[in-house]
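Derivation of every value follows stated rules applied to the coordinates shown; laboratory data play no part. Predicted model, so just to flag it, every value in this text is computed and none were measured. As a convention, Cβ positions derive from the backbone with ideal geometry for all residues, glycine included, and neighbour counts pool all protein chains shown.
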Ligand SMILES: C[S@@+](CC[C@H](N)C(=O)[O-])C[C@H]1O[C@@H](n2cnc3c(N)ncnc32)[C@H](O)[C@@H]1O
């Protein structure tokens with residue numbers, strides 16, 4: 001069994017305590033030496049993936065500017081806000097009278113964001129939705145496919161989901177796209193990352209070693225693991241295109257990533273990125 005599979009087998013709660021335990025010396029050292037940076041959670045609390053915590057946030061912040069014409073008067077919805085990583089570059093950038101809203105299904109992450117970000121930046125607000133997910137929230141009581149975002153229609157200029165649709169099953173993705181279209185202003189932007197299955201990515205994935213693999217085909221999508229279905233999910237390009245079209249979202253750009261074995265020099269992001277406009 002690989003380390004990844006072992007990781008999927010243990011509960012979110014167990015993962016939390018193991019992470020806190022492993023990173024305790026590092027987090028303790030950062031605290032006592034005063035090296036801990038404001039708005040960055042202790043490493044043991046970061047359940048949203050590895051890598052340089054802020055680097056990706058800064059890269060995506062540039063994408064929001066470059067591809068979604070991000071301006072300081074934009075109202076923002078960060079779906080799957082995790083421990084607030086993507087929010088950090090927005091602090092001090094947004095005008096005081098616009099809102100940055102985050103939604104997540106992991107309460108420890110939402111609580112951390114409200115306690116450490118919202119407390120001094122009241123325009124930032126994070127809410128917990130107790131939605132079931134077999135990787136992140138196995139005790140959740142709400143079904144994502146029936147979830148309505150707690151916001152009125154035409155509210156946001158920019159909605160984004162970084163590495164979130166990659167952990168959601170089909171009916172839930174469909175419902176979220178419907179909801180995104182409802183809460184976006186006309187001409188508003190949505191930027192979302194996916195693992196997109198098309199001829200090129202499927203061919204590359206099957207012939208390249210050391211890439212993500214999605215061996216369990218389920219029609220419009222494929223899974224990495226049958227035991228933990230939302231561990232990682234890849235969707236067929238035609239299906240994504242049709243569900244976006246049905247919901248009035250026009251694709252402005254697709255930037256493929258290197259997850260399937262494309263050359264990193266030409267495809268600098270790991271996941272695929274779709275930029276759409278209402
Ligand atoms: C890989 S993490 C990415 C977190 C954050 N977007 C980032 O880039 O740092 C995936 C996040 O999606 C959240 N998530 C999974 N399913 C969700 C759902 N149905 N609604 C909202 N958030 C969800 C998880 O709790 C987790 O925080």
Problem - Relative contact order (%) - segment 3-76, alpha-carbon pairs under 8 angstrom, separation at least six - result: 25
Fill in the blank from the handout: When the chain is treated as a Gaussian network with springs between alpha carbons less than 10 Å apart, the largest mean-square fluctuation among 24, 61, 195 is found at 24
Fill in the blank from the handout: Restricted to the chain, the DSSP antiparallel beta bridge percent, nearest 5, is 45
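Please arrange 226, 249 by how many other C-beta atoms lie within 10 Å of their C-beta, fewest to most. Please list the in-between numbers first.
On the way: 226 10, 249 23.
Placing the least packed residue first, the sequence is 226, 249.
Just check segment 134-278 against the gyration tensor rule for me: Cα atoms, a ≥ b ≥ c as the square roots of the eigenvalues, rounded for a/c under 1.5, and otherwise prolate or oblate depending on whether a/b exceeds b/c.
Details: a/c = 2.10, a/b = 1.32, b/c = 1.59.
Oblate is the answer for segment 134-278, as a/c is 1.5 or above yet b/c matches or exceeds a/b.
Using only the C-alpha atoms of the chain, find the volume of their convex hull and express it per residue in Å³. Intermediate results must be reported in sequence, preceding the final value.
Details: hull volume 37.6 nm³, N = 278.
So the per-residue hull volume is 135 Å³.
So if each residue of separation counts as 0.36 nm, and I subtract the Cα-Cα distance between residue 50 and residue 30, what length gain in nm does that give?
On the way: separation 20, 0.36 × 20 = 7.20 nm, distance 1.80 nm.
Full-extension gain reported as 5.4 nm.
So what is the relative contact order for segment 51-277, in percent, with contacts set as C-alpha pairs under 8 Å and at least six apart? Present the calculation step by step, with values, prior to reporting the outcome.
On the way: 427 pairs, mean separation 36.6, N = 227.
Averaging sequence separation for qualifying contacts and normalising by length gives 16 percent for segment 51-277.
Please arrange 55, 178 by counting, for each residue, the other beta carbons lying within 10 Å of its beta carbon, fewest first. Provide the component values of the computation, followed by the final result.
Working: 55 10, 178 16.
Result, fewest neighbours first: 55, 178.
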Completion exercise
Ranked from fewest to most other Cβ atoms within 10 Å of their own Cβ, 97, 111 fall in the order 97, 111
